[in-house]
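This report refers to the structure that appears directly beneath it.
The values are calculated or read from the model by the stated rules, or taken from the named source; none is laboratory data. Predicted, not measured: the structure shown is a model, and the values here were computed from it. Methodologically, a virtual Cβ is constructed for each residue, glycine included, from the backbone with ideal geometry; neighbour enumeration extends over all protein chains shown. Side chains included, ligands, DNA and RNA excluded: accessible areas come from the protein's heavy atoms. Shrake-Rupley method; radii C 1.70, N 1.55, O 1.52, S 1.80 Å.
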Amino acid sequence: MPLGPTISVNCSARQIADPHFVSDVRAVLATRLAPGSLTLEITESVLIGDPNAAAARLRDIKSTGVRLAIDDFGAGYSSLGSLQSLPVDMLKIGKTRRSSTG
């Protein structure tokens with residue numbers, strides 16, 4: 001667990017898919033930010049399309065030492081079973097919005 005302040009950053013599926021993203025994360029960490037102090041938050045949409053490629057990219061990101069969180073889990077199509085192949089540290093459960101009809 002990191003000592004001191006932590007930073008959480010929301011990342012889009014487009015950012016995660018960028019081949020330079022992991023090197024960009026490493027560059028940020030080189031500015032003296034402790035890897036355990038940074039949490040990258042992704043949504044389930046990262047897993048849509050090519051889940052195997054997404055899992056591989058997340059493992060690359062995780063190798064930098066940063067923490068990974070899935071934000072709004074349950075709002076999309078993922079199941080708890082699909083998380084077994086992902087190097088995720090935290091789930092943030094999404095709120096469901098109910099419509100008020102009648």
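With among the small types (G, A, S), surrounded by fewer than 16 Cβ atoms within 10 Å (Cβ to Cβ), without any contact (Cβ under 8 Å) to a residue 40 or more places away in the chain and under 19 Å from I93 (Cα atoms) as the only criterion, which of S12, S23 stands out?
Criteria check complete, one pass: S12.
How many residues does region 40-53 contain that are part of a strand (DSSP E or B) and surrounded by fewer than 17 Cβ atoms within 10 Å (Cβ to Cβ)?
1
How about region 54-72: which of its residues are open to solvent by 50 Å² or more (accessible area, probe 1.4 Å) and assigned to a helix (DSSP H, G or I)?
Scanning region 54-72 gives R57, R59, D60, K62.
(1) modelled with pLDDT of 65 or more; (2) assigned to a loop (DSSP other than H, G, I, E, B); (3) open to solvent by 30 Å² or more (accessible area, probe 1.4 Å): which one isn't true of T101, the others all being true?
(1)
Any residue at all in region 60-72 that's at pLDDT below 80 and not small (G, A, S)?
Yes, region 60-72 contains at least one residue that is at pLDDT below 80 and not small (G, A, S).
Kindly evaluate S37 against the criterion of being modelled with pLDDT of 90 or more and among the small types (G, A, S).
Here the answer is yes, as S37 does meet what is asked.
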